[in-house]
Amino acid sequence: MNKTILTAMNEQIMHELYSAYLYLAMSAHFESASLPGFANWMRIQAAEEQEHAMKFFDHIHDRGGKVTLMAIAQPPAEFGTPKEVIEQVLEHEQKVTALIHHIYGLAVKEGDYASQVFLNWFVSEQVEEEKNATTILDTIKLIGDKSNAIFQLDHKLGKRDED
């Protein structure tokens, strides 16, 4: 595995684990706000991000590379309203998409076909991640500040189970 791609993938493990940490902090925020459905949705997001990190971990090892774990920054503890939190989720997923595209570009530049195939899954996954956040955000925008509708959305998000 090319050193540039190896470094980028090791960095991506850190980004994916930070995403898990961030979403777990958001889950705690929603639990404190008595919105268990939003908290459930964020907890499942956190678990998915851990799985994403492990996919990179395994790919690096499968290719004979060395995983080098990096420090994970502390996420914020306060996030605001459900709308503000989901806006942050969407913004964060857009950043992750840019990181995945960057690594994909490196793989193309270096002719690393195995990494390109591996990264195709992440490219598709990021489309889904952004779509899910956008859908929830659009719903919240339609709801406005109607608390009964937020509680209905919370109930719906609480029904999400691990995919």
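The values are calculated or read from the model by the stated rules, or taken from the named source; none is laboratory data. Not measured: the values here are computed from a predicted model. Positions of Cβ are generated from backbone atoms using ideal geometry, with glycine treated the same way; all protein chains shown enter the neighbour counts.
Numerical summary
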read-out	value
Residue match in region 55-72 (condition: crowded, with 20+ Cβ neighbours inside 10 Å and either in contact with a Gly (Cβ under 6 Å, 6 or more places away or on another chain) or closer than 20 Å to Glu130 by Cβ (or both))	yes
First in region 132-150 and touching a residue at least 40 places away in the same chain (Cβ under 8 Å), second anywhere and surrounded by 10 or more Cβ atoms within 10 Å (Cβ to Cβ) and of a type in the set (Val, Ile, Thr), Cβ under 7 Å, 6 or more apart	Ala133/Ile86; Ala133/Val89; Ile136/Ile86; Leu137/Ile86; Ile140/Ile86; Ile150/Ile143
Set Asn148, Asn132: member being in a helix (DSSP H, G or I) and surrounded by 11 or more Cβ atoms within 10 Å (Cβ to Cβ)	Asn132
Test: residue in region 90-101 that is farther than 19 Å from Met14 by Cβ and assigned to a helix (DSSP H, G or I)	yes
Region 1-18: number of residues that are among the β-branched types (Val, Ile, Thr) and within 18 Å of Glu125 (Cα to Cα)	1
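To keep it simple, each residue is scored yes or no on (1) at pLDDT 95 or above; (2) under 15 Å from Met14 (Cα atoms); (3) under 18 Å from the mean Cα position of the chain (by Cα).
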site	(1), (2), (3)
Lys55	yes, yes, yes
His61	yes, no, no
Ile72	yes, yes, yes
Ala107	yes, no, no
Gln126	yes, no, yes
Ile136	yes, no, yes
Ile150	no, no, no
